[in-house]
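Visitor: Structure below; questions to follow.
The values are calculated or read from the model by the stated rules, or taken from the named source; none is laboratory data. Computed from a prediction, not measured in an experiment: that's the story for all the values here. Here the Cβ positions follow ideal geometry from the backbone for every residue, glycine too, while neighbour counts run over all protein chains shown.
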Amino acid sequence: MSSTIPVRRKVLAILAAAPLFALASTAARADNPFATLNGSWSGAGQIKLEGGSSENLKCRAYYNAKDDGNGLGLAIRCASASNKIELRANLTYAGGKISGDWEERQFNAGGSVTGQASGNRISLAITGGGVNGSLTVALNGASHSVSVQTTGIGLRAVNINLSRS
């Protein structure tokens, strides 16, 4: 019987610690915004082009959470009176850090993405194909904003506000 007491203590210790592991896992996932973005969104915004001209945009965004919430595929399509934007990306989240690849089909540019997620904000650096820039997503409940700033192509900035479709 004395040999079962240490085993029971180990089992009880593991059972007592299980909620702490679950809380730690939940806390780590709390900073991961990918699950919050999953689904279809629509909204409007503005495009700014080289030379200073700007136009209003209508947009649709599609986010597909993958890999148990640690991956995200996205497609954002916008159109103005004379321009289209089709941004796609595949992102991976690990420990607050985000990495992946992106492409913008209308301006024929693509490259890599690196950055981080903190709270309700995603901040990314985009590079490749002669393009440097940033992409920021700010989450606010059932809506979010996307802001893109670039150099190296005719597209200088895109700012859009999206809500669930």
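Visitor: Within region 56-83, can you find the residues that are loosely packed, with under 14 Cβ neighbours inside 10 Å and modelled with pLDDT of 95 or more?
Guide: Listed by number, the residues that qualify are Asn56, Lys58.
Visitor: For region 84-99, which positions are surrounded by fewer than 19 Cβ atoms within 10 Å (Cβ to Cβ) and out of contact with any Lys or Arg (no Cβ under 8 Å at 6 or more places or on another chain)?
Guide: Asn90, Thr92, Ala94, Gly95, Gly96, Lys97, Ser99 - these are the residues of region 84-99 that are surrounded by fewer than 19 Cβ atoms within 10 Å (Cβ to Cβ) and out of contact with any Lys or Arg (no Cβ under 8 Å at 6 or more places or on another chain).
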